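Undergrad: Please find one structure pasted underneath; my questions will follow.
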Amino acid sequence: MSRYLVDKFLYTVDRDPELVERYREDPRGTVRWWEAERAGLLLGCTAAERTTWLAFTAAEREALATHDHVALFEMGAHPFLTLTLFIAMFERDHPEPLGYQLAYARALERFTPPYADTST
């Protein structure tokens, strides 16, 4: 898994409210677009500075396209990046206090330390 690229996706989408909504409404299209247009942009650099070798694996692409935070966790995506982005997308669907956060935690209950390595 390219933890760097998956974490970069989670980080950059979370920081743009329009992309958060786009990812919520059209996850597969957003992942496809982001990989083609944004994956090669280097963080903190101008658009002229890009790389062409970065791409998601099929498993990463599918987990992102289906909002599968459990699969992303298993692959080593940083859980804080996943949680903050998914809160932005799904908290409104859980009217009770901390509703999404509790659902997120329940989905990860079966995992015990040591967790997947989240270093990049």
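Taken together, the values in this text are just the output of simple stated rules run on the coordinates, not laboratory data. Bear in mind the structure is a predicted one, so any value in this text is a computation, not a measurement. Note that we place each Cβ from the backbone using ideal geometry, even for glycine, and neighbour counts take in every protein chain shown.
Undergrad: I need the Kirkwood Rh of segment 3-107: take the reciprocal of the average 1/r across all distinct C-alpha pairs and report it in angstrom. Write out the running numbers ahead of the final one.
TA: Numbers: mean 1/r = 0.0706 Å⁻¹.
Hydrodynamic radius (Kirkwood, Cα pairs) of segment 3-107 is 14.2 Å.
Undergrad: Expressed in nm to one decimal, what extension gain is obtained for the pair Thr57 and Arg92 from 0.36 nm per residue of sequence separation less their Cα-Cα distance?
TA: Values: separation 35, 0.36 × 35 = 12.60 nm, distance 3.03 nm.
Residue separation times 0.36 nm, minus the Cα-Cα distance, leaves 9.6 nm.
Undergrad: Now for a separate question. Most exposed first by the Cβ proxy, i.e. fewest other Cβ within 10 Å, how do Thr30, Thr57, Thr12 rank?
TA: Numbers: Thr30 20, Thr57 13, Thr12 16.
In order of increasing Cβ crowding within 10 Å: Thr57, Thr12, Thr30.
Undergrad: In nm, what is the difference between 0.36 nm times the number of residues separating Ala103 and Ala71 and their Cα-Cα distance? Walk me through the numbers on the way to the answer.
TA: Working: separation 32, 0.36 × 32 = 11.52 nm, distance 1.51 nm.
So the chain would gain 10.0 nm between Ala103 and Ala71.
Undergrad: Step through the residues of segment 90-102 one at a time and calculate ³J(HN,Hα) from phi using the Karplus curve (6.51 cos²θ - 1.76 cosθ + 1.60, θ = phi - 60°), rounding each to whole Hz and writing x for Gly and Pro.
TA: Values, residue by residue: 10, 4, 5, 7, 10, x, 6, x, 6, x, 5, 4, 5 Hz.
Undergrad: Let me check against my output: what whole-number percent is the relative contact order of segment 3-107, with C-alpha pairs under 8 Å and at least 6 apart? Write out the running numbers ahead of the final one.
TA: Numbers: 87 pairs, mean separation 32.8, N = 105.
After rounding, I find 31 percent.
Undergrad: Under the Karplus relation 6.51 cos²θ - 1.76 cosθ + 1.60, θ = phi - 60°, what is the ordered set of whole-Hz ³J(HN,Hα) values for segment 57-73, x standing for Gly and Pro?
TA: Here the 3J(HN,Hα) series is 6, 4, 5, 5, 4, 5, 5, 5, 5, 10, 6, 8, 5, 5, 4, 4, 4 Hz.
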